[in-house]
There are 2 protein chains.
Amino acid sequence: MIEERIQIVPGFSWFGKNIGIKDKTPDFGGILSDIPCQAAGVFTKNTIPGAPVIIGKEHLRNGLLQAVIVNSKNANVATMRGGIDDSKRICSLVAESCDIETEMVLPSSTGVIGRRLPMEIIIEGCKTLKQDFGKTKQHIEDFSRSIMTTDTRPKIASARIGKATILGIAKGSGMIEPNMATMLCYFMTDADISSKQLQEILERVVNQSFNRISVDTDTSTSDTVVILSNGLAGGVDIAEFEIVLTEMSIYLAKEIARDGEGATKLIELIVSGAQTEEQALLTAKSVINSPLVKTAIYGADPNWGRFVMAIGKVFQYSVNVNDLKIFFGEGVNRLMIQAEMLNRDEGPLDEISALLTKNEVHIEIVLGHGLYSTKVWGCDLTEGYIRVNAHYTT
Amino acid sequence: MIEERIQIVPGFSWFGKNIGIKDKTPDFGGILSDIPCQAAGVFTKNTIPGAPVIIGKEHLRNGLLQAVIVNSKNANVATMRGGIDDSKRICSLVAESCDIETEMVLPSSTGVIGRRLPMEIIIEGCKTLKQDFGKTKQHIEDFSRSIMTTDTRPKIASARIGKATILGIAKGSGMIEPNMATMLCYFMTDADISSKQLQEILERVVNQSFNRISVDTDTSTSDTVVILSNGLAGGVDIAEFEIVLTEMSIYLAKEIARDGEGATKLIELIVSGAQTEEQALLTAKSVINSPLVKTAIYGADPNWGRFVMAIGKVFQYSVNVNDLKIFFGEGVNRLMIQAEMLNRDEGPLDEISALLTKNEVHIEIVLGHGLYSTKVWGCDLTEGYIRVNAHYTT
């Protein structure tokens, strides 16, 4: 149902370009709708959110948006009153240039924290906006590249549902934890759905997708997921719309985890047999975030003990080791280990090690006989993460 | 007051040797008291504790111990009924060989999880115990080496208090988080203190020391801190004893953080100006555990924004960025940055970067005008951590 291929959504335009905020890579992009859109958004829980998050929430209050403007290389976070003014100013520049209301623009910024935006450069960059926007696939791709920071590739998904199209464009590769992430994601659709419905759907969708990926347990100050609906294609089956949007979001979330800083492997982890939904999720987070599990998977080391340790770190619930089973791989290739085997020095460790060398690793932890299960995604922890992050601002 | 130099505690003997559990490095060690000791212990909170932790708690129930027996290279965790039997068997072998009661022996094991102990080798190793034990500094050092796993050096502290001596020997360098750690620590003293008092003191001491270090947020299944008091030196000032034991424990805890897997720097972090003790501790843990902060410190990158992000991850408390100050360094060399400076592209970033190149990094985060503060220790995150942990069992 979902496609990686870019599909144009009628009534929207995009741009992405370099204005020289830091270097010569694309750093400024936008989305514009011909007409006002019903809109909804979910934002970071970080208590020190960026100025654009504060302004974005304000502008979304009436459920209407017509444009999104994004810069990378500078997050406009911890920039106090001045940062708020900068973000508002950018919205009004975009509004003026595109002949829409300032409150119809949602701003986003991603990059370094604590520095003021280079406003002169941005003001200059806004002058040609009208000509920059365009409706081709190339314009979509330009936008997707302009929002990247340490991402190694753009993240785009699209889907058709009846006569309507949904397009999603995301970025993110660090500060990613199952409470959103350093991530930005914009959905555009021509399906006709009210902002109230969009908000309800988006919250459920984010909880099943972007809130379930982890790169490094850090939580960004800029996380934003927004959806704009221009209604041009008319109504659609709402239930189906939610299913498709969930699928697209899981696809994009996995793309983010796969592109985690320094990551060589995507990890898909199911925890089942839990006594409660909370136990399933806490255990899944504990395992997917454990540096010792992540480094073991990097080394293709079937180190069962590290899973045991990470499972036991969920102090609220007890687990009986006798009941614990861990499955590696998918379908007919699934391999299982449990304490009993290892104690006898048995278990298909070499075969599991071979599975762990693949660039997608599937693991299911069965905790016991409970009825609850959950699924999360993450990545391995490698020297690459250290390299990317040891020298970022300087 | 505390000394790194080894001091012998009268009435105790030690040994450490290789019995070939995995390779030719020391892997088996013990502590023996000439007479029964008052004793106390604090153990891991992991819900899947090792068999020795289960047996150790049982044997400590009456507040008496006379010996400690430790093996490295195998943690005897997740080994079910058989692992429990192995641990008991080792205690009875030690008891038999040293002519004491089985219940007077506390067992510890550290190393790989999920494998049964090689009991034949251990039985063989117990045969010569009587001759192995000795009362020299060399015997103490041998013991300290026999309990090491990925540690790069032994961790020993000693102190005099009145006529009494306290000796502490610890190990640990990974799975270290402020809920104890993959750590073992044994204190021996000839001060005369009841097991009830020892237990109370030890719990407070551990909370101020070993519970405040972090290497990687992982929590070991084997953590054990034990103290044995043979009373030979008579009574001491209890308040002074607790102060000295706290100092020794902080010293050993810092030694563990400093020797964290792959670590190049010890980080001492104070969080002050908090509204509550909880806010101080949650914020300190969030910052000291943040992979992005840890890699920035590794790279000597004065990346103020990552501190802001980690502070904002404590969702329960709000922080006003205008009040936030971060100090780097100690005493007259302290340097401060805050949002206002950075927004103006000012701040002593080069000088802070120079401070961050040292192998001890001191940071104080002032959150606001609250009255609460706390101190924690951790280390940087480097390629070395990845190297050590990507290929451990295989």
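The values are calculated or read from the model by the stated rules, or taken from the named source; none is laboratory data. On a predicted model such as this, the values are computed, not experimentally measured, just so you know. Backbone-built Cβ (ideal geometry, glycine too); neighbour counts: all protein chains shown.
When the residues of the stretch B:331-340 are filtered to those that are surrounded by 15 or more Cβ atoms within 10 Å (Cβ to Cβ) and more than 9 Å from chain A (Cβ to nearest Cβ), the one that is farthest from A:G82 (Cα to Cα) is B:L335. When we screen A:S290, A:S249 for residues that are touching a helix residue (DSSP H, G or I) at 6+ places or on another chain (Cβ under 6 Å) and at pLDDT below 90, the only hit is A:S290.
Selection within the stretch B:50-74: residues that are part of a strand (DSSP E or B), polar (S, T, N, Q) and modelled with pLDDT of 95 or more. The member of this set that is nearest to B:E200 (Cα to Cα) is B:Q66.
Among the residues of the stretch A:274-291, is there at least one that is within 7 Å of chain B (Cβ to nearest Cβ) and either surrounded by fewer than 20 Cβ atoms within 10 Å (Cβ to Cβ) or closer than 20 Å to B:N289 by Cβ (or both)? Checked against the condition, which is being within 7 Å of chain B (Cβ to nearest Cβ) and either surrounded by fewer than 20 Cβ atoms within 10 Å (Cβ to Cβ) or closer than 20 Å to B:N289 by Cβ (or both), the stretch A:274-291 yields at least one hit.
Can you name every residue in the stretch B:29-60 that is among the hydrophobic types (A, V, I, L, M, F, W, C), more than 19 Å from B:I100 (Cα to Cα) and touching a residue at least 40 places away in the same chain (Cβ under 8 Å)?
Once the filter is applied, which keeps residues that are among the hydrophobic types (A, V, I, L, M, F, W, C), more than 19 Å from B:I100 (Cα to Cα) and touching a residue at least 40 places away in the same chain (Cβ under 8 Å), the stretch B:29-60 yields B:V42, B:F43, B:I48, B:A51, B:V53.
For the stretch A:206-244, filtered to residues that are under 29 Å from B:N320 (Cβ atoms) and away from chain B (no Cβ under 14 Å), the residue that is modelled with the highest pLDDT is A:V226. Filtered by the rule that a residue be within 22 Å of B:N359 (Cβ to Cβ) and in a helix (DSSP H, G or I), the stretch B:258-280 gives a lone residue, B:R258.
Out of curiosity, is A:E255 assigned to a loop (DSSP other than H, G, I, E, B) and modelled with pLDDT under 95? Full working, then the answer.
On the way: assigned to a loop (DSSP other than H, G, I, E, B): no; modelled with pLDDT under 95: yes.
So A:E255 does not fit the description; no.
Among the residues of the stretch A:4-49, just one is assigned to a loop (DSSP other than H, G, I, E, B), under 25 Å from A:C126 (Cα atoms), of a type in the set (K, R) and away from every other protein chain (no Cβ under 14 Å), namely A:K24.
For (1) outside the structural domain of B:I297 (by TED's automatic domain parsing); (2) within 25 Å of B:G384 (Cβ to Cβ); (3) under 17 Å from the mean Cα position of the chain (by Cα), each residue gets a yes or a no:
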| position | (1), (2), (3) |
| --- | --- |
| B:V206 | yes, no, yes |
| B:R212 | yes, yes, yes |
| B:T221 | yes, yes, yes |
| B:V225 | yes, no, yes |
| B:N230 | yes, no, no |
| B:G234 | yes, no, no |
| B:A239 | yes, no, no |
| B:V244 | yes, no, yes |
| B:I250 | yes, yes, yes |
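Residues that are away from chain A (no Cβ under 14 Å) and surrounded by fewer than 19 Cβ atoms within 10 Å (Cβ to Cβ) were ranked within the stretch B:341-366; the one that is nearest to A:G50 (Cα to Cα) is B:H362.
If the condition is being touching a Gly at 6+ places or on another chain (Cβ under 6 Å) and either buried (at least 21 other Cβ atoms within 10 Å of the Cβ) or within 21 Å of A:T357 (Cβ to Cβ) (or both), then the stretch A:372-389 contributes A:C379, A:T382, A:G384, A:Y385. From the list B:K265, B:K254, B:K294, B:K313, the lone residue that is of a type in the set (K, R), surrounded by fewer than 24 Cβ atoms within 10 Å (Cβ to Cβ) and within 14 Å of another protein chain (Cβ to nearest Cβ) is B:K265. Considered as a group, the residues in the stretch B:50-84 that are within 12 Å of chain A (Cβ to nearest Cβ) and among the small types (G, A, S) include one that is farthest from the chain's Cα centre (by Cα), and that residue is B:G82.
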